[in-house]
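Here is the structure we will look at.
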Amino acid sequence: MARRKIIAGNWKMNKTPSEAKALVELLAPLVKDADAEVVYCVPAIDIVPVAEAIKGSNVQLGAENISDQDAGAFTGEISADMLLDAGVKYVIIGHSERRQYYKEDDAFLNRKVLKALEKGLTPILCCGETLEQREAGVTLDWIRLQIKSDLQGVTAEQAASMVIAYEPIWAIGTGKTATSDQAEEVCKAIRDTITDIYDSDTAEKIRIQYGGSMKPANCKELLAKPDIDGGLIGGAALKADFAEIVNYNK
Ligand code: PGA
């Protein structure tokens, strides 16, 4: 069974609610005929207005973070139930910016993955190496470690429904893209890791994205690789470029 491509925008900390609405309106006619699944992962405050603005369209809604807890005294956090009630389907977990700036470690991220899955949200689990790690030749070992740690306790059926985003940290927001061969090598290693943990059936079903300065000029080559099932797009998701990526095959 062929995996459907999934192109997700990661808006990060950009767009006020009114700006978010304007961006959705700009993109709506441009993405409407996409063959790929289209997702906007938006800041918490934009979730409700964007949910309203994408109603009846082919766009799915994603969040950029989730609490590992159900409810209660966790000031500033947002629960899975809140996201679900607002119409969210996907949630980015373990983006390198959260790992780096907010010290989210694999044990914590594993709890978030389990919470999202338990509640019926689909994690977009991010992993990636630093430039130092790449130059030291430990990229694949590091990625395997991240994936194995973050998927502790996740069943094969749950894993099959997930999305994993490979995002080399040195390529995020830098304009430096991994070559399509470099990206494919790691995405294939991730799929092989899923075979090791579970089985080949699960590995065939899970979708693996590349992220890191993906743009109209490089997306075709990246998305042509057999183990790259989509993209997680930062900077280019905030403008009409996003639609060109979504329509990479047209
Ligand atoms: P970028 O960000 O496309 O701006 O490099 C990707 C990401 O961080 O998800």
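The values are calculated or read from the model by the stated rules, or taken from the named source; none is laboratory data. Remember, it's a predicted structure, so these values are computed and weren't measured experimentally. Here the Cβ is made from the backbone with ideal geometry for all residues, glycine too, and neighbour counts use every protein chain on show. Side chains are part of the model used for accessible areas, which takes the heavy atoms of the whole protein and leaves out ligands, DNA and RNA. Shrake-Rupley method; radii C 1.70, N 1.55, O 1.52, S 1.80 Å.
Looking at the chain, the accessible area is 45 square angstrom per residue; that uses a 1.4 Å probe and ignores ligands, DNA and RNA.
Which peptide among 229-235, 212-218, 55-61 comes first, and what is the full order, when sorted by highest mean count of other Cβ atoms within 10 Å?
On the way: 229-235: 26.0, 212-218: 20.1, 55-61: 14.9.
Top of the packing list down: 229-235, 212-218, 55-61.
Amide H contacts of residue 209: 164, 165, 166, 229, each under 5 Å away and 5 or more positions distant or on a separate chain (H built 1.01 Å from N in the peptide plane; Pro and chain starts excluded). Of the trypsin sites (Lys or Arg not before Pro) found in region 107-184, the ones in coil according to DSSP and having at most 16 other Cβ atoms within 10 Å of their Cβ are 176.
Per-residue ellipticity at 222 nm, computed for the chain from helices alone with -39500 (n - 2.57) per DSSP H run of at least four residues, works out to -12500 deg cm²/dmol.
Counting only protein heavy atoms and a 1.4 Å probe, tell me what percentage of the chain's accessible area is made up of carbon and sulfur.
Working: 5900 of 11160 Å².
Reported share for carbon and sulfur atoms: 53 percent.
Sequentially through region 2-7, phi angles give Karplus couplings (6.51, -1.76, 1.60; θ = phi - 60°) of 6, 7, 7, 5, 10, 10 Hz, Gly and Pro residues having no value and appearing as x. Dividing the mean sequence gap of close Cα pairs (under 8 Å, 6+ apart) by how many residues the chain holds gives a relative contact order of 21 percent.
D by Stokes-Einstein for the chain, Kirkwood Rh over Cα pairs, 37 °C, 0.692 mPa s: 183 µm²/s.
Between residue 240 and residue 22, the simple spin-label model (points 7 angstrom out along Cα→Cβ) gives 1.6 nm. Here each label is just a point 7 Å from Cα along the line to Cβ, and for residue 84 and residue 195 those points are 3.4 nm apart.
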